[in-house]
Structures are given as structure tokens and as C-alpha cells.
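J.: Sharing a structure below in C-alpha cells format, with a few things to ask.
The values are calculated or read from the model by the stated rules, or taken from the named source; none is laboratory data. Every value quoted in this text rests on a predicted model; they were computed, and no experiment measured them. Using ideal geometry, Cβ is built from the backbone for each residue, glycine included, and neighbour counts are taken over all protein chains shown. All accessible areas refer to the heavy atoms of the entire protein, side chains included, with ligands and DNA or RNA removed. Shrake-Rupley method; radii C 1.70, N 1.55, O 1.52, S 1.80 Å.
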Amino acid sequence: MDDHQSLMFDDPESTVRRRALNVVRANAESVAAFDLSYFAGYRSMKALTYTTSIPMIADLVAQQDFEDFECVFGHGGIVSREAASILSFQTVARERLSNAIIGVRGSGAATRSAVQQSIYQRVAEGEVRFFVVKDCIAHAKIYLLEADGKRRVIVGSANLSERAFSGRQAETLVVFDDDKTAWNHYLAQYEAVRDAATSELKLAQGDQETESVRIEETPALVEAQSKEAGTTLFVPTESAEEAGYSVPEITARVEKLKPVFRRGLADVRPDRSGGLRIKPRLVKQILQIVRSREAESGPNTYLSRRDRGFVLCDEPLLLDADPEQVRSDVEQWLAFFANYENGFVGDVPRLQRDYFAFMCWFYMAPLMCDLRNAALRANAFSFDQPLFAVLYGSSNCGKTSLVEALMASMFSYPRIVDTQDFTPGKLRALQQAYKRFPVVFDDVTRDRFNRYADEIIKDETIPYAEYPCFALSMNADARSFKPEIVKRCLMIYTRTALPGDNTQARRSLQRSVAQIRDRMSTALYRTYLKRATAALESTQNDAEGTPQSVKRPEVDAIDALNLSSTILCELIDEHLPSGTPKPDWCVPMTLASYQERAFERPRLYLRNLLGPDRHQAARRPEAGCWTLSGNRILVSVSAIEFSRTRADIPDWLLDDTASSAGQIALDRKLTEDFLDTRIRPPRRWLRGR
């Protein structure tokens, strides 16, 4: 989206939107010091000001006892050339207004001051109104006062703030008393901004407000949800910043919120005139992103087993679902997977199977701790119940949309943990807080993974009965992962993706995914969870009733992916729309098959490296060539390529006792087993061809 953003006026003749700068011709009569008495004696006040001194506005309303007060405020330095900045500032402004009038940290009506109570009541009754800009078009500071036929206009550079009116900084103010021309001009300018370029700022609902930002009450988002056509933001080409004016504290708060709105607006483009329409569906998408970020470390984000049921974020999770809703969810998933057939380049059937495998693992994630605990109690091999899944590949392959759709289908909206929390200490805290709730990291960097993955993934000492699984998505190539990582994780890699230059296909896919998520409920997952829980309880009862001497090994170590895919395939098959064939990707699978897939690239790399055309019988073969020495394969590499080549070969194949700076030694038998082929020099007749 274009970064140059503001609000659009429908009236092309608006005095605010005109290209020409207006000049008001006037004569100076006198000069005097300013004080607040210039606002005294009037019953009505309208203020257009770029300010963040909301407490002063509240005090002014109380002290001057206006019968009718209206204020439009914003800040050009904050509401810059981004829609994300406008929405972020609206959110912070609404919070600050509520805190100034209601009080901070949850002070209700009982502890609110008389002044606060009076203003709060007047706001509720509509006598005092606040508006916040959803544009950065008006830099004017206009104060309109009226009472009993008297009219005063105050304009200039001073914002309605204590600092601006204190005289401690250079400001300019001009006063017009009972000047019809000035009144009509500035009133028209004020009303044009208020009516076309603002959203009304409501106070927090109820009697309490805290310092936390409630994104869903951002004025423009509330306005967009209340209208079927939504509301419109505008994107100008000119800079809207007010030079030399900055408010560090508010700016910091706004900057913290901007990434949320940027991501929510990332796929929306303004029209040719600069209009950017915010519709209710887009508001829902923004709120989903907000909640996913808020849930990063929230104490109420958890899933737990209680009394043979589940509790999700302090609320019972009801597992019974309407079969029609389940059928509808199945239809949405069929449409979701069918999207990969529209513009994706590569092995699309394999991509669909792989993403279905990830779906099966992710759906089983809340029960994985039960499987692992049972396996550990029986001293069984626990790698069949991986706590980690790594979804990696090139960009534009749909990793993020898959993860977010899965979380929405399970828990109504996605919750994504910041990648900065992918550290051993933070993950231990998340294990304790989230209980069974899956922890998702989107777009983990290769560097961060390499620094922390070994310690995190190999740590088997989990001191909790309930603990979550971890899902990571990465934009990474297919370089080999360490064997100790591979055997503990579900590894899903794909090179199938939308071409980077296929903008139309990408937008069409994004619209389709958004519509599918809007129609998706949690009915399918709740039905799946009920069936999977019953299957595990039945297996556990069988195990407990079987003598230890004859206990079946398959009871002790269940292949989690096979169990989950079997249940999910059955559910999809049962709820397929009439006449719809079961999709090819919907088949049971095993974890072993996917763990083996993680070594596809190193196998291909080694086959190329040890190809017949690279064999050289000399004692010192050239770089890139190989030779045999007893039970070793010796590969010559340059000093520059040594580390990279070694990293691309599974470490259990390496014979470090015979390796050197220019030579990598491989165990011949292990390498032959890994490649499922004999390694030997080519026949003489092949060398001569």
C-alpha cells in the first residue's frame, strides 16, 4: 500500500480540500498578553487543534462551564502520511481522553472526582463532544466562541495545550470579535474538517478505563463497522508533517501500534483518487491481528483440561457442535486447499498433502502432552509425538495464511507470538502460561533459529503436566537441519509458491482466504477434539488393562500424525458435500514419512557431489572431486567452500578423524545406506565416453 495516506472528502469544493491557500485580509487594532479570560463569558466553544494535552481540554470545559463544547484534535507530526499512523493516533487519543475524564487504572464512578464526574455525564448526554482526525489535511488552529449574539474567532499557531498558551514558546494568536466575514470563513473551515475528516471520539464503555489500548474501539474502526459501506481514508502525495513539532511520548505509543495497522492494511490499496475504503471485513481482520499480538504474553491465553473437558481462556470449550456447521467448515477447508491450484507454481499436489500434514499435527497439538507423558511413563520412544513443527520454504508459499486459518478454525482468531520471544527463557515461561494452547512463531529468522533451536528443541525436561506445542514458520531454503532437530520435529518444506510478479493472483488469493476465514467456525475442530480425546482415553484404558508383560508396544508409542490424520480424514469424509469426491490430499499419513522427507535435499546434494563425473583416482583430486580410500570417501573442497559443504552433509556421515582443511571424509557404508546405492568408481568404459 502507498505510504502516503490521509482522508478523502466527498465535496470537491470543500474549503479545506481546495488546492489554493486562502488569505484572510485583516487590520491589527492592538496587541495584548493572552490569558484564559479570552475564553470566558461564552456559552459555546468549537475548537480545531492539533494537540495531545487532553487534560487541559477537560479542565477548560470544567472551568469555563460551556453549555456546548466541541473539539476536533490530532497532531500533524503523528498523523503522518500513513493510514496506520492515523488509526494508531485515534486509538491513543481515545485512550488518553477516557483516562483524562474517567480516570486511570480503573477508577470508577465512586472514586472519580466531581469535575470528572460532571464532564463524564455531559459527554454521555452529548453536551460535550470530541472528534479525532482521520486525515492530516488541516493544520489550522481555530477556536470559535459564541454567546448571546457575541462571536469570537481565535486563530493562529497555538495548540490548545498548556505549553502553547503559557507563553514559554513562540506562538501567534489573532482574535476577531463579531466579524461576520471571519466567523463565516472559519466556521465553514471547521465544519468541513469535523464533518468530512473526523471520527467521533467516544469514551470507554462503562465506568472503568485502564491504560491498555482497546483497538476495537478505535473511532474509524467503530465507524466502519456501523456502516455497510465502511469509512474512507485518503492518501495524499504531499507531506503532512508539521515541522518542528514532536511529542516523544505519544509518538512512541503510536509507533508501537503502527505495525498492527500496517499489517492489517497491507493488502488494501487506495483508488485512483486516493480513497482507501475501510469495510467491516477489514476491521475484523485488523482486530484478529491485534488480538494475536495482545495474546503474546497475556495471562488469560491458555487451554487446559478440567473435569474431562477443556477450558479456553477462562471459558469452557464446548465440544458438541452442529453437524451443519461442521459440514460448512469442511467446505471452507476444501475451498482453502483448492486455492493452491490457482496460480501456484511447482508441485501443487505435494504442497496440499504437506499442508494437510501440518494441519493434522496442529490439530493434535493440544493433546500432544498427553501422548508424550504416557510414552515417557512407559520409557517409550517419545519422538513419535513431536512438540515442534517447522514450516519452511520460500516466500509467497502461503505459510502465514495457513497458520492463521488453522488458529481461527480452532480458537476463532489467530494468536501469534513475537519472534523476539524465541529464546529458551521465554519459551519456558510460555510453556507454563499457555498450558495446551499452541505457541506460534511466524517468520523466524534462520539466525535466531540456529542460535536457540538446539537448546530449546532438545530440552526434554518439562516440569509441567500440561504444556504446548510450538509451530515455527520460516522463509528459509532447503539446507539440511541437524539430525537431532529433524528427529524431534515435524519438518514441512515447500518450494511451490506464487510467483513474486503475479500480483493479481496474490490479491485474489488473499481475498479468497479472508472470505473463507470469515465463514469458518470452530465446529469442525471441536468435533475433532471430542473424537481425538475419546480415542486417546480408549487407548489409555486398553493400556492400563493389559498386563505389563504383554503390553502392546503400539499402545505406549502412538504415531501422533497417523492418529490425527486418520481422525480428520474420517471427519472430512463424513461431512463432504453431496457429490463431492474426497480430495487426493486427504489421506492418513505417518510421522516417519515426513521425518524422512527432511533429508531429501542432502540426499540430492550428495548424489550430485558423488556423481561418476566427479570421481578422480589421483591421490590429490581437484576441488569438487572425490576418491575412495578404504572405507572412506574423500571429497576435496577449497578452504572457502569447506564449512558450507560440511554443513550440507548430515553429520553422522562425517568421519572427522580423516577430515582436514581441504578434504572432507565420509563413512562409506553409512553414506551408501543413506543414499541407498553403492559408491564405487565408474567403469573404465564410462570414463572413456
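J.: Report ³J(HN,Hα) in whole Hz for each residue of the stretch 60-67, in order, from the Karplus equation J = 6.51 cos²θ - 1.76 cosθ + 1.60 where θ = phi - 60°; Gly and Pro get x.
T.: 4, 4, 6, 6, 8, 6, 5, 6
J.: In terms of modelled amide H atoms, which long-range or inter-chain residues lie less than 5 Å from the amide H of residue 129?
T.: Amide H to amide H, under 5 Å and 5 or more residues apart or across chains, residue 129 pairs with 69, 70, 71.
J.: Separate question: Could you give the size of the charge dipole of the stretch 346-471 about its Cα centre, using +1 on the Cβ of each K and R and -1 on the Cβ of each D and E, expressed in debye and rounded to the nearest 20? Before the final figure, lay out each step's value.
T.: Values: 14 positive and 15 negative charges, 28 e Å.
Once rounded to the nearest 20, the dipole reads 140 debye.
J.: Quote the FRET efficiency, to the nearest 0.05, computed for residue 580 versus residue 445 with a Förster distance R0 of 41 Å and r equal to the Cβ-Cβ distance.
T.: Values: r = 41 Å, r/R0 = 0.99.
That gives a FRET efficiency of 0.50.
J.: Output ³J(HN,Hα) for the stretch 328-344: one whole-Hz value per residue in order, computed from phi by the Karplus curve 6.51 cos²θ - 1.76 cosθ + 1.60 with θ = phi - 60°, and x for Gly and Pro.
T.: Working through the residues one at a time gives 5, 5, 4, 4, 5, 5, 4, 5, 4, 6, 5, 4, 5, 8, 10, x, 6 Hz.
J.: Given a cut-off of 21 Å, name the pairs among 46/141; 46/180; 458/530 whose C-alpha atoms lie farther apart than that in the structure shown.
T.: 458/530
J.: Further question on the same structure: List the residues, sorted by chain then number, that are 5 or more residues from residue 443 or on another chain and whose placed amide H is less than 5 Å from its amide H.
T.: Here the answer is 473, 474, since their amide H atoms fall under 5 Å of that of residue 443.
J.: Another question, if that's okay. How much accessible area per residue does the stretch 631-680 have, in Å², with a 1.4 Å probe?
T.: Numbers: 2680 Å² over 50 residues.
Result: 54 Å² per residue.
J.: For the stretch 55-70 and the stretch 415-449, what is the centre-to-centre distance using only Cα atoms, to the nearest Å?
T.: Each part's Cα centre sits 48 Å from the other's.
J.: OK, next. Using a probe of 1.4 angstrom, how much of the accessible area of the stretch 346-422 is carbon and sulfur, in percent? Kindly include the intermediate steps, with their values, before the conclusion.
T.: Working: 930 of 1990 Å².
Answer for the stretch 346-422 is 46 percent, counting heavy atoms of protein chains only.
J.: Another question, then. Tell me, what ³J(HN,Hα) does each residue in the stretch 401-418 have, in order and in whole Hz, if you take phi through Karplus 6.51 cos²θ - 1.76 cosθ + 1.60 with θ = phi - 60° and put x for Gly and Pro?
T.: Listing the rounded values in order: 5, 5, 4, 5, 5, 4, 5, 5, 6, 9, 10, 6, 8, x, 10, 10, 8, 4 Hz.
J.: Going by average Cβ density within 10 Å per residue, which order do the peptides 624-631, 425-432, 575-582 take, highest to lowest?
T.: Values: 624-631: 14.8, 425-432: 16.6, 575-582: 10.6.
The peptides rank, most packed first, as 425-432, 624-631, 575-582.
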